[in-house]
Amino acid sequence: MIITKVHGLSGTVRVPGDKSISHRGVMLGALAKGQTEIHGFLMGADCLSTIDCFRKLGVRINIYSDTVVVEGMGLRGLKNPIQTLNVGNSGTTMRLISGVLAPQKFSAKLDGDASIRKRPMNRVIMPLSEMGADIKSESGDGLPPLMINGKDLKGITYKSPVASAQVKSALLLAGLYADGETTVIEPALSRNHTELMLKAFGAEVSSEGATARVKPCDELFGQMVVVPGDISSAAYFMVAAAITPDSEITMKNVGLNPTRDGIIRVLKEMGADISIRVNERAVGEPAGDITVRSSELKGITIEGNLIPTLIDELPVIAVLACFAKGTTVIKDAEELKVKESNRIDIMVSNLKAMGADIEATDDGMIINGGKPLHGAVVDSVKDHRVAMSMTVAGMNADGDTDLIDAHCVKISYPRFYEDMQRLTV
Ligand code: S3P
């Protein structure tokens, strides 16, 4: 796809529903007693993979425009799947569902696409095995496909080496079935959507700092889930508005959970013109409208506990940093290497091809901003966040940018290009 330079962006956009919350709505809805209605569900390929897996586990799920209705089976009502559960490109589906399947009374096989087959699963296999689970990586190297034979589980206290909501969530879901309390201690707090939603569905969950606990549970109860817009999708518009001269974009009803709002903190520290109107009537997760206008930006250091709160936004933050005066250093972000692609390598090589002064480090990137970008051939490597980040870069580069495999935005934002196009002046 060819991307050309834009001269100002203006208008309002309602980004699609939050991916993490949409996944969890289906999962907890399936495990609950009674019906769960999910409003504002993200109809992206990843969340549809979660629906497909739970349908194969015997759950009736109906889709009405952006509302999903799940007929819950109860915690012990899932059925033995006769087919392999295919998670597609979705790491969240594979890791969280591993926690759901480990304590069942049946066996299941999990697989996914070429990218999933490269993603490390030992991070869930090891702690779940400590709880008593029987999970095998078919090739023996910790990579999918996985075979899970249901077993009785025991509660454990697990000190996770990585701040990962996927690991934490897998253990909390498995912990619902364990014989005692399950505790997960993270090095830094990751997104807490599972804890919040489990509580709303009636589980006994508590959290303190970066520690989350769940008690064994007899039953969850179906709820109405209202999904706010995904701050990770809004991030492309925030950055586009900040770096494109003469721009102003308002993103309506975006999720503002403090475990996800690092991008807002970074934009403010870099000097962006950003204002937020919190929606006092939002149900469940906090939400509000965000307006960003173009302004002068300066480089900063992004590190430590901030990283998990903006982990999926780092590719577009790398683009942002190319347009800031001075140096931006991204540290403590090794996790970027094991996302849908190695996001450090691919963002550095794509932005370098466009003329940026950017270097990869062991745990992040160093970007000397202010060098004008020019069009080039850039590759999404079929990673949706790389595709959207490079689109924002291409919109601010001289000449044409040819983005390879642009269609992968269907994973989290099927109408991304149409929405962005509508805002061009
Ligand atoms: C997610 C957690 C994050 C994030 C992913 C979605 C989730 O992964 O990168 O896109 O919904 O739990 P990690 O928790 O492994 O960092």
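The values are calculated or read from the model by the stated rules, or taken from the named source; none is laboratory data. Here the structure is a predicted model, which is why all the values come from computation and not from measurement. Positions of Cβ are backbone-derived with ideal geometry, glycine not excepted, and every protein chain shown enters the neighbour counts. The protein model used for the area step is the full one, side chains on, heavy atoms only, and it has no ligands, DNA or RNA in it. Shrake-Rupley method; radii C 1.70, N 1.55, O 1.52, S 1.80 Å.
Conditions (1) touching a strand residue (DSSP E or B) at 6+ places or on another chain (Cβ under 7 Å); (2) without any contact (Cβ under 8 Å) to a residue 40 or more places away in the chain, marked per residue:
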{"site": "Ala178", "(1), (2)": "no, no"}
{"site": "Ala203", "(1), (2)": "yes, yes"}
{"site": "Thr259", "(1), (2)": "no, no"}
{"site": "Leu267", "(1), (2)": "yes, no"}
{"site": "Met270", "(1), (2)": "yes, no"}
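The residue of region 212-229 that is surrounded by the fewest Cβ atoms within 10 Å (Cβ to Cβ), among those that are part of a strand (DSSP E or B) and more than 16 Å from the ligand (Cβ to nearest atom), is Met224. So is Arg260 in a loop (DSSP other than H, G, I, E, B) and crowded, with 24+ Cβ neighbours inside 10 Å or not? So Arg260 passes the test. Can you pull out the strands (runs of 3 or more DSSP E) entirely within region 364-425 that have at least 3 residues that are open to solvent by less than 10 Å² (accessible area, probe 1.4 Å)? Output list reads 364-369.
When residues of region 1-58 are filtered for being under 23 Å from Met390 (Cβ atoms) and more than 23 Å from the chain's Cα centre (by Cα), how many remain? Count: 11. How many residues does region 352-363 contain that are part of a loop (DSSP other than H, G, I, E, B) and open to solvent by 60 Å² or more (accessible area, probe 1.4 Å)? Number of matching residues: 1.
For Val338, the stated conditions do not hold, so it cannot be described as in contact (Cβ under 8 Å) with a residue 40 or more places away in the chain, within 14 Å of the ligand (Cβ to nearest atom) and surrounded by 24 or more Cβ atoms within 10 Å (Cβ to Cβ).
Each residue in region 5-31 was checked for being away from the ligand (no atom under 16 Å from the Cβ), among the basic types (Lys, Arg) and over 20 Å from Gly394 (Cα atoms), and 1 pass. For region 230-252, the set of residues classified as closer than 25 Å to Gly25 by Cα and either within 16 Å of the ligand (Cβ to nearest atom) or open to solvent by less than 50 Å² (accessible area, probe 1.4 Å) (or both) consists of Asp230, Ile231, Ser232, Ser233, Ala234, Ala235, Tyr236, Met251, listed by residue number.
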